[in-house]
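Please see the structure below; I have some questions.
The values are calculated or read from the model by the stated rules, or taken from the named source; none is laboratory data. The structure presented is a predicted model; accordingly, all values stated were derived computationally and were not measured. For neighbour counting, all protein chains shown are included, and Cβ atoms are generated from backbone atoms with ideal geometry for every residue, glycine included. These accessible areas exclude ligands, DNA and RNA; they are computed on the full protein's heavy atoms, side chains included. Shrake-Rupley method; radii C 1.70, N 1.55, O 1.52, S 1.80 Å.
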Amino acid sequence: IVYTYPFPGALYFMALVARLADIEPLFVYHKLRFFWGPAALVMLYLGSRVVFGYASIACAVTVTAIVFVSTGVFGMVAGFPAWWGQLVPYSYVPDVAMTLLLPALLVMAFEFMQARSSRERRFFLTGAAALILMLTIVHIREVVQFAAYLGCFLVVAALARQLRAYVAPAATLLGLTLLVATAYTLWQAA
């Protein structure tokens, strides 16, 4: 059979944790939610900090999310599959990709587009490239989402005069995303 994920990176990470800690892999799969949840909240904080530009607003966004998670507002949604954990993701690969890796990629992309020095641009482009590759390998659907977000932003940036400075970095990220996704799709098809 052709397996959907030729490199099951998230599952490999869990196996590595189980091996290093010498504990049952199913226990790790279940209990790693303790790690995924805080990490998702950190990505939410970092993303809102870059978007809004203020630590106070980022704290307010994160505290609101914590309250929503704690009170159950971010609980199960009627009509959605039972595995979707929102800001407290299960160890299910698409859940980790959507709630943790995609926000991490968005943070890197935001920082790359706003970087002032060439050193910052190289650092954040390298991080974004690594996350694009990782997300493509782990769960390609989120890379398609990222490409759609980036494509829409690129169109708006090209049309709005005050956003024109973001056209080149957004085009760079979109080109890189499409290159990696196309290469991976062709490799997997072969």
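Provide a single number: the residues in the stretch 97-141 that are closer than 17 Å to residue 183 by Cβ and open to solvent by less than 50 Å² (accessible area, probe 1.4 Å).
Count: 9.
Follow-up. Would you confirm whether any residue within the stretch 39-54 is among the aromatic types (Phe, Trp, Tyr), within 30 Å of residue 114 (Cβ to Cβ) and open to solvent by 80 Å² or more (accessible area, probe 1.4 Å)? Please lay out each step first, then the result.
Going through the stretch 39-54, the residues among the aromatic types (Phe, Trp, Tyr) turn out to be 45, 52, 54.
Still in the list and also within 30 Å of residue 114 (Cβ to Cβ): 45, 52, 54.
From the residues that got through so far, the ones that are open to solvent by 80 Å² or more (accessible area, probe 1.4 Å) too are 52, 54.
Yes, the conditions are met somewhere in the stretch 39-54.
Can you say whether residue 185 is surrounded by 12 or more Cβ atoms within 10 Å (Cβ to Cβ) and at pLDDT 95 or above, as far as the supplied structure shows? I'd like the intermediate steps shown before the answer.
Working: surrounded by 12 or more Cβ atoms within 10 Å (Cβ to Cβ): yes; at pLDDT 95 or above: no.
The answer is no for residue 185.
Looking at this structure, is residue 83 at pLDDT below 90, open to solvent by 80 Å² or more (accessible area, probe 1.4 Å) and outside any loop (DSSP other than H, G, I, E, B)?
Working: at pLDDT below 90: yes; open to solvent by 80 Å² or more (accessible area, probe 1.4 Å): yes; outside any loop (DSSP other than H, G, I, E, B): no.
In short, no.
Select from the stretch 58-75 the residues that are modelled with pLDDT under 90, assigned to a helix (DSSP H, G or I) and either open to solvent by 50 Å² or more (accessible area, probe 1.4 Å) or of a type in the set (D, E, K, R) (or both) and list them in ascending order.
Pass one, the stretch 58-75, residues modelled with pLDDT under 90: 65-75.
Next, from what is left, pick out any that are assigned to a helix (DSSP H, G or I): 65-71.
Correct list: 66, 67, 68, 70, 71.
Let me ask you something else. Out of the residues in the stretch 90-146 that are more than 23 Å from residue 165 (Cα to Cα) and of a type in the set (Ser, Thr, Tyr), state the one that is modelled with the lowest pLDDT.
Step by step, filter the stretch 90-146, then rank; the result is 91.
So, one more: Would you confirm whether or not the stretch 144-154 contains a residue that is under 13 Å from the mean Cα position of the chain (by Cα) and aliphatic (A, V, I, L, M)?
Our first condition is that a residue be under 13 Å from the mean Cα position of the chain (by Cα); within the stretch 144-154, this holds for 144-147, 149.
Pick out the ones that are also aliphatic (A, V, I, L, M) and you get 144, 147.
Yes: the stretch 144-154 contains one or more residues that are under 13 Å from the mean Cα position of the chain (by Cα) and aliphatic (A, V, I, L, M).
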